[in-house]
Amino acid sequence: MYWDDLAYFVCLVEKQTLTACAEEMNVQHSTVARRIEHLEQTLGVNLFDRLGKRYALTIEGERLYHQAVEVKKEMVTFQRMAIDQNALQGEVVVSTPPVWANEVLIPALTDCRR
């Protein structure tokens, strides 16, 4: 299963048509259809009833939708944590008189690093 398939699933539930979901995800509607089909095959569950151009959730789809929303939230949190962690990396250069560096700064940096 691909994590992105869940994003397509959640989007299609919310937008109800392939075209609207495709516009939201900035892809072709055929991509949305393929991703939904792949997810259904992977899970072995029909998630939607196709009603003309509309996609209505099946009972199974309804149960899985709420969990998919939670997984999507967790993925966004995961991504934000990774971005934030990268933002904290870098090099800091401190210029100070030697006496102040030896007496004040270096002991404070040791504590800060711990």
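Can you name every residue in segment 1-51 that is among the hydroxyl-bearing types (Ser, Thr, Tyr) and touching a strand residue (DSSP E or B) at 6+ places or on another chain (Cβ under 7 Å)?
We begin by selecting, within segment 1-51, every residue among the hydroxyl-bearing types (Ser, Thr, Tyr); these are 2, 8, 17, 19, 30-31, 42.
Selection gives Thr17 alone.
Please name all residue pairs, on different chains or six or more residues apart, with Cβ atoms under 6 Å, provided the first residue is in segment 27-52 and is among the basic types (Lys, Arg) and the second residue is surrounded by 12 or more Cβ atoms within 10 Å (Cβ to Cβ).
Close Cβ pairs (under 6 Å, with a partner that is surrounded by 12 or more Cβ atoms within 10 Å (Cβ to Cβ)) amount to Arg35/Asp5; Arg35/Tyr8.
Among the residues of segment 67-84, which ones are over 16 Å from Asp5 (Cα atoms) and charged (D, E, K, R)? Break it down stepwise before answering.
Going residue by residue through segment 67-84, those that are over 16 Å from Asp5 (Cα atoms) are 77-84.
Scanning segment 67-84 gives Arg80, Asp84.
For segment 17-52, what are the residues that are crowded, with 16+ Cβ neighbours inside 10 Å, out of contact with any Ser or Thr (no Cβ under 6 Å at 6 or more places or on another chain) and not hydrophobic (A, V, I, L, M, F, W, C)?
Selection gives Arg35, Glu40.
Which numbered condition trips up Leu57, out of (1) among the aliphatic types (A, V, I, L, M); (2) touching a residue at least 40 places away in the same chain (Cβ under 8 Å); (3) within 17 Å of Met1 (Cβ to Cβ)?
It fails just one condition, (3).
Taking Leu6 as meeting all but one of (1) modelled with pLDDT under 95; (2) of a type in the set (A, V, I, L, M); (3) more than 17 Å from the chain's Cα centre (by Cα), write down the number of the exception.
Checking Leu6 against (1) modelled with pLDDT under 95; (2) of a type in the set (A, V, I, L, M); (3) more than 17 Å from the chain's Cα centre (by Cα), the one that fails is (3).
Among (1) at pLDDT below 90; (2) of a type outside the set (Phe, Trp, Tyr); (3) closer than 18 Å to Met1 by Cβ, there is one condition Leu64 misses while meeting the rest; what is its number?
The one condition Leu64 does not meet is (1).
The values are calculated or read from the model by the stated rules, or taken from the named source; none is laboratory data. All values reported here derive from a predicted model rather than from experimental measurement. Quick reminder, even Gly has a Cβ in these numbers, built from the backbone with ideal geometry, and neighbours come from all protein chains shown.
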